[in-house]
Amino acid sequence: MKKDLDRLEELERDLNLKQLQIKSLLTITQAINENISADSLFNMYKSFLSWEMGVEKMLLFIWNDSNWECVSRISDGDIMDEDKLDELLGQFSRLHTIKETDPIEIQLFDIVIPVFHKQMPLAYALIGGIKEKDDLYNKIQFITTITNIVAVAIENKRLFKRQLEQERYEKEYNLAREVQQMLIPESLPVTEKYELGSIYMPHSNVGGDYIDFIQFDDKRFVLCIADISGKGIAAAILMANFQAIIQSLIYQYRDLETFIFALNETVYKRITKSDKYITFFIAEVNVDKYTLKYINAGHFPPILYNKGEIIRLDKGCTVIGAFEKMPFIEEETIQLEKESLILTFTDGLTELQNETGDYLQDDGLEAFIQDNKQLSVNQFNQKLLKKIDRFRGNRGYADDIAILTCKIH
């Protein structure tokens, strides 16, 4: 009779434990389905282990993309050094009962529960001091199940968050690319008196390269090229604002020096506030008088082929937007001959490297101009593009490259 009663009590305990486990499992899975926060899920896990399973010591570590983090604990002792976690627990790929031969740092606990996905560890739980030893095996198995469910749920949250961030970034990136494409004219004029043409080779990072052509009348036009410090979406947006400011001011201030003063002050107040700066080159060409007036604001000097000579257009001022007031401006005027050629470019061209790490040299560009000055702008640019591709080989672009070429007939 006593054996029957003992057996009945044992069955009743088993039934209560199973009911508790089912209830706990339903509660946690329902919370996961309702997209409960990670902190709330960790608190549920902690409460379940402490109150329902009688666990006195617990540490739960979760991998968060770059390092291990202790996200839940039942312990008054010191937290284990998270930087040493791989060294201490990396050897365990399945449920492990801690032995005397295991690292001393984990000796306060009884078991290690690792959670893996495709041979990559997602979590480690250290469990110790389970109060009631009845049916200990089933308790440990259920704790293992709950640990796996919680760890996988957190990993899914992390992956979902990363996916949302990636989608948002791609939307912003595509928008910035569209903005950047607007900074490069779709077509440039080819007339009896002059030709213009451009090359634009985008890099995977969105930048702030800008080229433009503004015609005052049939005799005079302006060409300009610019590059903003920094990369990314913000650079492209700032450069779009810069373009709008240029289009507004260029018709108000016809002489270049006054224009640059006004441009710098406006850019400083509205865009950079000394946090960023813009290198900028602007030239006004008069095809009747065959004159070139220019100001170089810290931009890599364009190359002019004129009267059989190579000239670097380096006169001007400091970069745009670095100072509220432009400290000095030097404007230069050059008398052009027919068949003069101007090559302007952003620093992506001068920073271009080949497979052995060598940079594209200035004297190579100058020699290229000397050898190909007789070509039309379109032919010149196509040949230059082939030269660039041959030079870099299989190496990608380190930066966007924008090139604006002008030839005077």
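Give Leu89, Leu122, Leu49, Leu60 a once-over and let me know the one that is of a type outside the set (D, E, K, R) and in contact with an Asp or Glu (Cβ under 6 Å, 6 or more places away or on another chain).
Leu122
Suppose we filter Lys276, Lys289, Lys269 for residues that are exposed (fewer than 14 other Cβ atoms within 10 Å of the Cβ), part of a loop (DSSP other than H, G, I, E, B) and assigned by TED's automatic domain parsing to the domain that holds Gly348; which single one remains?
Lys289
Out of all the residues in region 117-137, which are loosely packed, with under 15 Cβ neighbours inside 10 Å and closer than 30 Å to Lys157 by Cα?
His117, Lys118, Gln119, Met120
In region 154-169, what residues are acidic (Asp, Glu) and not assigned by TED's automatic domain parsing to the domain that holds Trp68?
Correct list: Glu165, Glu167.
When the residues of region 219-247 are filtered to those that are closer than 19 Å to Tyr397 by Cβ and in a strand (DSSP E or B), which remaining residue is farthest from the chain's Cα centre (by Cα)?
Here the answer is Ile225.
Of the numbered conditions (1) at pLDDT 90 or above; (2) part of a helix (DSSP H, G or I), Gly197 satisfies every one except a single condition; which is it?
The failed condition is (2).
Would you confirm whether or not region 313-333 contains a residue that is surrounded by 13 or more Cβ atoms within 10 Å (Cβ to Cβ), under 20 Å from Gly197 (Cβ atoms) and in the same structural domain as Ser198 (by TED's automatic domain parsing)?
Yes.
Quick check on region 98-110. Is at least one of its residues within 30 Å of Asn33 (Cβ to Cβ) and either among the hydroxyl-bearing types (Ser, Thr, Tyr) or surrounded by 11 or more Cβ atoms within 10 Å (Cβ to Cβ) (or both)?
The answer is no; no qualifying residue exists.
The values are calculated or read from the model by the stated rules, or taken from the named source; none is laboratory data. Keep in mind the model is a prediction, meaning the values are calculated, not measured. Please note: Cβ atoms are built from the backbone with ideal geometry, for glycine as well, and neighbour counts cover all protein chains shown.
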